[in-house]
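Just below is one structure, and these are the notes that go with it.
The values are calculated or read from the model by the stated rules, or taken from the named source; none is laboratory data. Bear in mind the structure is a predicted one, so any value in this text is a computation, not a measurement. Here the Cβ positions follow ideal geometry from the backbone for every residue, glycine too, while neighbour counts run over all protein chains shown.
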């Protein structure tokens, strides 16, 4: 909508209100982000999101019905390993979308299935904040450029939505220079994508488990566990990676720093033979969104405000409605500030709320402009939330 100003911009100082005396619906925070996987499995529904809450449910849904004891793994595929790693690291319920094709196809049929076909497009139909993962990007054909296209498509899909983040992996067996060249080829400058390197070895496990696998599912499990326990404000880093016995290769400290400067998160192995997630960088050059949890904070706050103010759609957005909306939003952001999501010694340094009615032809909307101090006090990132009004 290209707005025409319909009335003055209204702003209230963020003095935290008491809503029960105003009959203003309180704004509740959105739930924690869920995780969605796209890839190959031995059986199960094709191109349909299936919600599973455990590894047993995943195996029951995606095993070959003719060979149920063989489980959901397919030779050369990584979806099963990624989902296992997700649950091993504390992930809760997740979505799984099985796409047509098999790992190692020489043509691009599988690429179309994951990156361009129903699999990835179905991610857009899922409601709520999502972390999206395509562990089989590297299982498609012999051409590494196909994997690049799949991961770039996943990153662009996440970037197109305010509440999606994609977890990507650098290529297997890649040196530091290889990773930096791959990073340049990927062509993503996005707060909605995070890359992890190197690959991991899961050690002993069920028959058919690969010796070296992409870490994306394991990292997604860590993210899910930390957000569920601590909320969106904690950077999803400095946590042990369960189900990872060792790294494919060690990264020297100076190389790690070089990779981190370029937005690559390096997994680290400790002397006691444990692997840790170390880093929460995004692929964004925007300083406000250099870390993935900053995007999650903004998406969480804006999404909660959008959902919690939907009631204005039955009104004309008059000054009394706007005042009540500001009361509700100030109350909600005040709680977020007290919880540590926004920075400032006083509420005025942590956030601001403005409202205005805009009109584009016959369409009218109440636009809320939120100023959010996501990194430093009084340095406000402006985010707009629009609610359609009654015509």
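Data for the structure
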{"quantity": "Qualifying position, being buried (at least 20 other Cβ atoms within 10 Å of the Cβ) and either in contact with a strand residue (DSSP E or B) (Cβ under 9 Å, 6 or more places away or on another chain) or modelled with pLDDT under 95 (or both), among 323, 295", "calculated": "295"}
{"quantity": "So residue 283, is it at pLDDT 95 or above, farther than 17 Å from residue 203 by Cβ and surrounded by 17 or more Cβ atoms within 10 Å (Cβ to Cβ)", "calculated": "yes"}
{"quantity": "Any hit, segment 275-284, residues being over 21 Å from the mean Cα position of the chain (by Cα), under 30 Å from residue 170 (Cα atoms) and either in the same structural domain as residue 197 (by the TED database) or part of a loop (DSSP other than H, G, I, E, B) (or both)", "calculated": "yes"}
{"quantity": "Residue that is more than 15 Å from residue 167 (Cα to Cα), assigned by the TED database to the domain that holds residue 237 and modelled with pLDDT of 95 or more, where the choices are 88, 105", "calculated": "88"}
{"quantity": "Residue 245, sole failed condition from (1) surrounded by 17 or more Cβ atoms within 10 Å (Cβ to Cβ); (2) in contact with a strand residue (DSSP E or B) (Cβ under 6 Å, 6 or more places away or on another chain)", "calculated": "(1)"}
{"quantity": "Output for segment 75-92, where each listed residue is buried (at least 17 other Cβ atoms within 10 Å of the Cβ) and in contact with a strand residue (DSSP E or B) (Cβ under 9 Å, 6 or more places away or on another chain)", "calculated": "77, 78, 79, 80, 81, 82, 83, 85, 86, 87, 89, 91"}
{"quantity": "Selected residue [under 24 Å from the mean Cα position of the chain (by Cα) and buried (at least 16 other Cβ atoms within 10 Å of the Cβ)] from 366, 372", "calculated": "372"}
{"quantity": "Residue check, residue 257 farther than 15 Å from residue 175 by Cβ and either out of contact with any helix residue (DSSP H, G or I) (no Cβ under 6 Å at 6 or more places or on another chain) or crowded, with 19+ Cβ neighbours inside 10 Å (or both)", "calculated": "yes"}
{"quantity": "Qualifying residue in segment 31-39 (condition: surrounded by fewer than 19 Cβ atoms within 10 Å (Cβ to Cβ), at pLDDT 90 or above and in a loop (DSSP other than H, G, I, E, B))", "calculated": "yes"}
{"quantity": "Some residue of segment 166-173 being closer than 30 Å to residue 333 by Cβ, under 13 Å from the mean Cα position of the chain (by Cα) and buried (at least 18 other Cβ atoms within 10 Å of the Cβ)", "calculated": "yes"}
{"quantity": "Residue that is surrounded by the fewest Cβ atoms within 10 Å (Cβ to Cβ) [pool: residues in segment 111-150 that are at pLDDT below 70, touching a helix residue (DSSP H, G or I) at 6+ places or on another chain (Cβ under 8 Å) and outside any helix (DSSP H, G or I)]", "calculated": "141"}
{"quantity": "Residue under evaluation residue 305, criteria (1) within 13 Å of residue 27 (Cα to Cα); (2) under 22 Å from the mean Cα position of the chain (by Cα); (3) exposed (fewer than 14 other Cβ atoms within 10 Å of the Cβ), criterion not met", "calculated": "(3)"}
